[in-house]
Amino acid sequence: MTRRSSSLYRSVCTSVLALGLAHGVNVAHAAEGDPKPTEAGDFSLRIEPGISVPLTDPQAQRFMVGGSQTVKAAWNLSRFLDLGPSVGFLALPTAATGDNPGTAWLFGASLRLKRPLDYADNDTLFGLSPWIDVDALYARTGSLDRPAFDVGAGVSLALGKDRIFRIGPFVRFLHLFSLDRPGFDNRSAEILTVGLSLEVGSRIQREAVVVAPEIRTINTNTNTNTEVISCPDRDNDTIPDTIDVCPDVVGPLETSGCPPYKAVVVKRDKLELKQKIQFEWNQAVLQPSSYPALDEIVQALKDNKSFRVQVGGYASSEGDDDRNQDLSEKRAEAVLDYLANHGIARSRLTSKGFSSSNPRQTNVTESGREANRRVEFILTFIILPDGTK
């Protein structure tokens, strides 16, 4: 591989990583981890075709083995409970030729207790979800209306990683109550159904896992111009320099390659303080309560020797403009002096006062004016020669 092609490779590597960062991607990709716990409200639809057998007389004497079809819609009440409507149809052919088959329409509600579908991928039960449900039903059999209940049990197996589709066997016991009516047999009917349940439901949600980029090296083995190509990572923290906000010090991907400071957030364009720098009233004298935050600024600058910092001082709008300008400049200089006195070379530091320009909040209220009395740190990213403090 020629040096021209290796330069092109590095350019592409840098451009792709920078593009990802510009769009808010930490140049890592989100992988799918373990399933999150299922939430209430998830919807599923079940279709249960089956073979039905009458168990009690007179149905067992008159009818043969038939078939049934049930459709159930369900919403999660919790990880373990589903509730929803149920509609079913049952048909049993007669033993005598010419007689009408026995039919039943079934309408009601179904409550299901199940094993949750958010089991781990390495589940010891191989992803099986046993369940049991109870249906309270209104049954229409011929010209008769009667109450009924149904108890079912089965097991489902999810198909695919998303667990949207599930399949499994089931068995049901249906009890039809017979009311005391003249001219009709007052014995109850019991029917056993076995079949296959087909279910479609909500996709399970998974925990997002941030995976660091894979940095590949390409070794071209030729007689001449042998070269190893990789994305640079001078602090060896597995985060390429093109996206590492702190390329000179080891840090995790969660903080863009910077150490997790307590009071300071390091960004590409500035050091962002989590608390405000406090001064004595109407003076450029730092209050001791600000020292810990400034000490972290010092540590961040010592860790990142390529950072040059402009300290920007701001004031609220009350008072004379000239006085505000002078105060903002002196407060910025006071912060600069603190950093310099704690080991940061003055060649890496500049200060500037902005008076009451660019207010953070309204200057109408006291709380707004207080917020506008601030000092900001802006990184200019000028790389210093080796050995500079």
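All of the numbers you see were taken from the coordinates with simple rules; none came from a lab. These figures come from a predicted structure and were not determined experimentally. Here Cβ is always computed from backbone atoms with ideal geometry, including for glycine, and neighbour counts include all displayed protein chains.
Under a 5 Å amide H to amide H cut-off, with H placed in plane at 1.01 Å, what residues pair with Gly102 once short-range neighbours are removed?
Those lying under 5 Å, H to H, from Gly102 are Leu92, Thr94.
Using a Förster radius of 41 Å, what is the FRET efficiency between Ser188 and Lys36 based on their Cβ-Cβ separation? Nearest 0.05, please.
Once rounded, the FRET efficiency stands at 0.35.
What length, rounded to one decimal in nm, is gained on full extension from Lys267 through to Glu207, with 0.36 nm per residue of separation minus their alpha-carbon distance?
Separation in residues times 0.36 nm, less the Cα-Cα distance, equals 18.9 nm.
Note the full-extension length gain between Leu113 and Leu81 as 0.36 nm times their separation in residues minus their Cα-Cα distance, in nm to one decimal.
11.0 nm
Scattering from the C-alpha atoms of the stretch 35-137 alone, worked out with Debye: what is log10 I(q)/I(0) at q = 0.12, 0.15, 0.20, 0.23 1/Å?
-0.55, -0.73, -1.00, -1.17
Using a cut-off of under 12 Å, list every residue of the stretch 141-182 whose amide N is near the label point 7 Å from the Cα of Leu196 along the Cα-to-beta-carbon line.
Answer for the stretch 141-182: 167-170.
Using the count of nearby Cβ atoms within 10 Å as a rough guide to exposure, how do Phe126, Phe173 rank from fewest to most?
Phe126, Phe173
If you average 1/r over all unlike Cα pairs in the stretch 43-206 and invert the result, what Kirkwood radius do you get in angstrom?
16.8 Å
Assuming 0.36 nm per residue, please report the length gained on full extension of the stretch Asp321 to Asn100 beyond their Cα-Cα distance.
Between Asp321 and Asn100, full extension yields an extra 69.5 nm.
Only loop residues by DSSP count here, and only those with at most 16 other Cβ atoms within 10 Å; note down the trypsin sites (Lys or Arg not before Pro) in the stretch 83-187 that meet that.
Lys161, Arg187
Given Asn100, Ser78, Gln205, which one lies farthest toward the positive end of the charge dipole of the stretch 43-206, if we put +1 on the Cβ of every Lys and Arg and -1 on the Cβ of every Asp and Glu?
Gln205
Please give every one of the lysines within straight-line cross-link reach of Lys270, meaning a C-alpha to C-alpha distance under 27 Å, and leave out same-chain neighbours fewer than 8 residues apart.
Partners found: Lys262, Lys302, Lys305, Lys330, Lys352, Lys389.
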